[in-house]
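**Student:** I'd like to ask you about the structure that follows.
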Amino acid sequence: MRKRPLTRIVQWGHDLLAEVVSTGDLAVDLTAGNGNDTLTLYQLVGSTGRVAAFDIQLPALVATKERLTDAGAVVRLHKNANEVLSNDTGVDLFQLNHAALADVVRDRPTGIIANLGYLPGGEQNIVTQPESTVMALEQSCQLLAIGGRMAIVVYPGHPGGSAEGNAVDRFMSRLDSLMFHTVLMRVSNRPQAPFLYVVEKLRGRG
(Lines give C-alpha, C1' and ligand atoms only; values in the text may rest on other atoms or scores of the structure.)
Protein backbone atom coordinates (compact mmCIF):
# COMPACT_ATOMS: atom_id res chain seq x y z
CA MET A 1 0.00 0.00 0.00
CA ARG A 2 1.29 3.45 -0.92
CA LYS A 3 2.24 5.52 2.11
CA ARG A 4 0.56 8.91 2.45
CA PRO A 5 1.97 11.85 4.40
CA LEU A 6 0.14 12.17 7.72
CA THR A 7 -0.20 15.92 7.31
CA ARG A 8 -2.15 15.85 4.01
CA ILE A 9 -5.20 17.06 5.88
CA VAL A 10 -7.37 17.85 2.85
CA GLN A 11 -6.85 14.36 1.40
CA TRP A 12 -7.87 12.73 4.68
CA GLY A 13 -11.11 14.67 4.47
CA HIS A 14 -11.71 13.44 0.92
CA ASP A 15 -11.00 9.85 1.93
CA LEU A 16 -13.42 9.93 4.85
CA LEU A 17 -16.19 11.42 2.72
CA ALA A 18 -15.59 8.79 0.05
CA GLU A 19 -16.60 6.13 2.57
CA VAL A 20 -20.17 7.43 2.76
CA VAL A 21 -20.89 9.41 -0.44
CA SER A 22 -22.19 7.22 -3.28
CA THR A 23 -23.22 7.49 -6.92
CA GLY A 24 -26.48 9.41 -7.26
CA ASP A 25 -26.15 11.23 -3.93
CA LEU A 26 -26.32 14.94 -3.16
CA ALA A 27 -23.12 16.58 -1.89
CA VAL A 28 -22.29 20.18 -0.93
CA ASP A 29 -19.10 22.24 -1.15
CA LEU A 30 -19.42 25.22 1.18
CA THR A 31 -16.31 26.93 -0.26
CA ALA A 32 -15.82 26.19 -3.96
CA GLY A 33 -12.49 28.01 -4.20
CA ASN A 34 -10.52 26.71 -7.16
CA GLY A 35 -12.84 23.73 -7.61
CA ASN A 36 -10.70 20.87 -6.29
CA ASP A 37 -13.18 19.83 -3.60
CA THR A 38 -16.15 20.35 -5.91
CA LEU A 39 -14.53 18.06 -8.46
CA THR A 40 -13.90 15.42 -5.80
CA LEU A 41 -17.55 15.50 -4.79
CA TYR A 42 -18.67 15.25 -8.40
CA GLN A 43 -16.44 12.22 -8.91
CA LEU A 44 -18.08 10.59 -5.88
CA VAL A 45 -21.71 11.26 -6.85
CA GLY A 46 -21.20 10.75 -10.60
CA SER A 47 -23.31 12.00 -13.46
CA THR A 48 -26.52 10.81 -11.76
CA GLY A 49 -25.83 12.79 -8.59
CA ARG A 50 -25.95 16.44 -7.62
CA VAL A 51 -23.38 18.84 -6.21
CA ALA A 52 -24.11 22.32 -4.88
CA ALA A 53 -21.10 24.61 -4.36
CA PHE A 54 -20.93 28.09 -2.83
CA ASP A 55 -18.45 30.95 -3.13
CA ILE A 56 -18.82 34.72 -2.89
CA GLN A 57 -16.12 35.32 -5.51
CA LEU A 58 -17.23 35.03 -9.12
CA PRO A 59 -13.70 34.27 -10.45
CA ALA A 60 -13.58 31.25 -8.14
CA LEU A 61 -16.86 29.94 -9.52
CA VAL A 62 -15.79 30.56 -13.11
CA ALA A 63 -12.60 28.57 -12.49
CA THR A 64 -14.62 25.84 -10.80
CA LYS A 65 -17.05 25.71 -13.70
CA GLU A 66 -14.19 25.30 -16.16
CA ARG A 67 -12.64 22.52 -14.08
CA LEU A 68 -15.92 20.64 -13.75
CA THR A 69 -16.88 21.12 -17.40
CA ASP A 70 -13.52 19.68 -18.43
CA ALA A 71 -14.37 16.65 -16.28
CA GLY A 72 -17.61 16.13 -18.21
CA ALA A 73 -20.05 17.57 -15.68
CA VAL A 74 -23.19 19.52 -16.50
CA VAL A 75 -22.59 22.81 -14.69
CA ARG A 76 -25.00 25.66 -13.94
CA LEU A 77 -23.71 28.98 -12.60
CA HIS A 78 -26.08 31.12 -10.51
CA LYS A 79 -24.78 34.68 -10.08
CA ASN A 80 -26.01 36.34 -6.88
CA ALA A 81 -29.14 34.22 -7.07
CA ASN A 82 -30.68 32.84 -3.91
CA GLU A 83 -32.51 30.03 -5.70
CA VAL A 84 -33.63 26.68 -4.35
CA LEU A 85 -31.51 23.83 -5.70
CA SER A 86 -33.39 21.87 -8.34
CA ASN A 87 -33.57 18.10 -8.73
CA ASP A 88 -31.55 18.26 -11.95
CA THR A 89 -28.39 16.17 -11.94
CA GLY A 90 -25.03 17.88 -12.31
CA VAL A 91 -23.27 20.71 -10.51
CA ASP A 92 -24.86 23.99 -9.41
CA LEU A 93 -22.53 26.85 -8.48
CA PHE A 94 -23.96 29.65 -6.33
CA GLN A 95 -22.35 33.06 -5.90
CA LEU A 96 -23.48 33.23 -2.30
CA ASN A 97 -22.05 33.13 1.20
CA HIS A 98 -22.13 29.62 2.63
CA ALA A 99 -24.43 30.94 5.37
CA ALA A 100 -27.17 30.88 2.69
CA LEU A 101 -26.94 27.08 2.55
CA ALA A 102 -30.38 26.32 4.01
CA ASP A 103 -32.05 28.82 1.68
CA VAL A 104 -30.71 26.93 -1.33
CA VAL A 105 -30.44 23.27 -0.30
CA ARG A 106 -33.61 21.61 0.99
CA ASP A 107 -32.66 17.95 0.49
CA ARG A 108 -30.25 15.93 2.63
CA PRO A 109 -26.64 15.69 1.42
CA THR A 110 -24.56 12.66 2.38
CA GLY A 111 -21.35 14.68 2.14
CA ILE A 112 -20.45 18.29 2.94
CA ILE A 113 -16.99 19.82 2.65
CA ALA A 114 -15.34 23.16 3.33
CA ASN A 115 -11.84 24.56 3.06
CA LEU A 116 -11.95 27.74 5.11
CA GLY A 117 -9.73 30.81 4.78
CA TYR A 118 -8.97 32.55 1.50
CA LEU A 119 -8.96 31.54 -2.16
CA PRO A 120 -5.55 30.08 -3.09
CA GLY A 121 -3.96 32.56 -5.46
CA GLY A 122 -6.66 35.13 -4.72
CA GLU A 123 -6.93 38.16 -2.48
CA GLN A 124 -5.90 37.14 1.01
CA ASN A 125 -8.04 39.86 2.60
CA ILE A 126 -11.19 38.07 1.38
CA VAL A 127 -11.57 35.28 3.91
CA THR A 128 -14.29 33.22 5.50
CA GLN A 129 -15.57 34.75 8.73
CA PRO A 130 -16.27 33.06 12.08
CA GLU A 131 -19.91 34.17 12.32
CA SER A 132 -21.00 33.08 8.85
CA THR A 133 -18.93 29.90 9.07
CA VAL A 134 -20.67 28.87 12.29
CA MET A 135 -24.04 29.63 10.69
CA ALA A 136 -23.11 27.40 7.74
CA LEU A 137 -21.99 24.62 10.10
CA GLU A 138 -25.24 24.80 12.07
CA GLN A 139 -27.27 24.51 8.88
CA SER A 140 -25.02 21.72 7.60
CA CYS A 141 -25.59 19.65 10.71
CA GLN A 142 -29.34 20.09 10.39
CA LEU A 143 -29.39 19.18 6.69
CA LEU A 144 -26.85 16.34 6.72
CA ALA A 145 -28.33 12.92 6.02
CA ILE A 146 -28.17 10.32 8.79
CA GLY A 147 -24.96 8.41 8.17
CA GLY A 148 -23.54 11.32 6.18
CA ARG A 149 -20.31 13.14 6.95
CA MET A 150 -19.01 16.69 6.90
CA ALA A 151 -15.29 17.50 6.46
CA ILE A 152 -14.10 20.96 7.50
CA VAL A 153 -10.48 22.11 7.01
CA VAL A 154 -9.44 25.10 9.12
CA TYR A 155 -6.40 27.28 8.40
CA PRO A 156 -5.30 29.10 11.58
CA GLY A 157 -2.12 30.59 10.08
CA HIS A 158 -3.58 33.58 8.19
CA PRO A 159 -4.87 36.80 9.82
CA GLY A 160 -8.23 35.98 11.35
CA GLY A 161 -7.71 32.26 10.92
CA SER A 162 -7.06 31.62 14.58
CA ALA A 163 -10.32 33.32 15.61
CA GLU A 164 -12.23 31.28 13.04
CA GLY A 165 -10.51 28.11 14.24
CA ASN A 166 -11.52 28.87 17.83
CA ALA A 167 -15.12 29.44 16.71
CA VAL A 168 -15.15 26.10 14.90
CA ASP A 169 -13.65 24.38 17.96
CA ARG A 170 -16.39 25.81 20.19
CA PHE A 171 -19.10 24.79 17.76
CA MET A 172 -17.82 21.23 17.47
CA SER A 173 -17.45 20.85 21.24
CA ARG A 174 -21.14 21.67 21.71
CA LEU A 175 -22.52 19.08 19.27
CA ASP A 176 -24.79 16.49 20.87
CA SER A 177 -22.75 13.30 21.23
CA LEU A 178 -25.89 11.20 20.80
CA MET A 179 -26.51 12.76 17.40
CA PHE A 180 -22.98 13.25 16.06
CA HIS A 181 -19.56 11.66 16.14
CA THR A 182 -16.81 14.26 15.74
CA VAL A 183 -13.15 13.53 14.94
CA LEU A 184 -10.36 16.10 14.99
CA MET A 185 -7.08 15.63 13.09
CA ARG A 186 -4.49 18.20 14.13
CA VAL A 187 -0.70 18.40 13.69
CA SER A 188 -0.03 18.92 17.39
CA ASN A 189 3.60 20.06 17.02
CA ARG A 190 2.74 22.63 14.30
CA PRO A 191 0.15 25.00 15.81
CA GLN A 192 -0.22 27.05 12.59
CA ALA A 193 -0.82 24.00 10.39
CA PRO A 194 -4.29 23.33 8.93
CA PHE A 195 -6.50 20.95 10.89
CA LEU A 196 -9.49 18.82 9.99
CA TYR A 197 -12.83 18.15 11.63
CA VAL A 198 -14.97 15.29 10.36
CA VAL A 199 -18.54 15.03 11.65
CA GLU A 200 -20.76 11.99 11.15
CA LYS A 201 -24.49 12.27 11.79
CA LEU A 202 -25.87 9.37 13.80
CA ARG A 203 -29.51 10.34 14.10
CA GLY A 204 -31.93 13.21 13.64
CA ARG A 205 -34.07 15.00 16.20
CA GLY A 206 -37.42 13.50 17.06
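The values are calculated or read from the model by the stated rules, or taken from the named source; none is laboratory data. Nothing here was measured: the structure is a model prediction, and the numbers come from that model. Virtual Cβ from ideal backbone geometry, glycine too; neighbours counted across all protein chains shown. Accessible surface is based on the protein model in full, side chains and every heavy atom, while ligands, DNA and RNA are left aside. Shrake-Rupley method; radii C 1.70, N 1.55, O 1.52, S 1.80 Å.
**Student:** If each residue of separation counts as 0.36 nm, what is the full-extension length gain between D15 and V187 once their alpha-carbon separation is subtracted?
**Tutor:** Using 0.36 nm per residue and subtracting the Cα-Cα distance, I get 60.1 nm.
**Student:** Let me know the volume per residue of the alpha-carbon convex hull for the stretch 140-197, in Å³.
**Tutor:** In the stretch 140-197, the Cα convex hull volume per residue is 81 Å³.
**Student:** Please report, as a whole percent, how much of the solvent-accessible surface of the chain comes from carbon and sulfur atoms (probe radius 1.4 Å).
**Tutor:** 51 percent
**Student:** Would you pull out the residues with amide H under 5 Å of L85's amide H, same chain only if 5 or more places away, H placed 1.01 Å from N?
**Tutor:** V105, R106
**Student:** Given just the C-alpha atoms of the stretch 51-108, how large is their convex hull per residue in cubic angstrom?
**Tutor:** Per residue, the Cα convex hull of the stretch 51-108 comes to 68 Å³.
**Student:** Find the Cα radius of gyration of the stretch 55-206, compare it with 2.2 N^0.38 Å by division, and give the number to two decimals.
**Tutor:** 1.07
**Student:** Give me the distance between the Cα centres of the stretch 150-176 and the stretch 22-45, rounded to whole Å.
**Tutor:** Going from one Cα centre to the other spans 21 Å.
**Student:** Continuing with this model, one more query. Determine the calculated [θ] at 222 nm for the chain from helices alone, applying -39500 (n - 2.57) to every DSSP H run no shorter than 4 residues and normalising by the residue count; nearest 500 deg cm²/dmol.
**Tutor:** So the helix-based figure for the chain works out to -9500 deg cm²/dmol.
**Student:** Give me the accessible area per residue for the stretch 46-158, probe 1.4 Å, as a whole number in Å².
**Tutor:** Result: 43 Å² of accessible area for each residue.
**Student:** Picking from L30, L144, L175, which is most flexible by a Gaussian network model of the chain using Cα springs under 10 Å?
**Tutor:** Evaluated over the chain, the most mobile residue of the options is L175.
**Student:** Ok, one more. State the Kirkwood hydrodynamic radius of the stretch 1-48 in Å, one decimal place, computed from all pairs of distinct Cα atoms.
**Tutor:** 11.7 Å
**Student:** Assuming R0 = 30 Å, can you tell me the calculated FRET efficiency for the pair M179 and R2, based on Cβ-Cβ distance, to the nearest 0.05?
**Tutor:** For R0 = 30 Å, the calculated efficiency reads 0.25.
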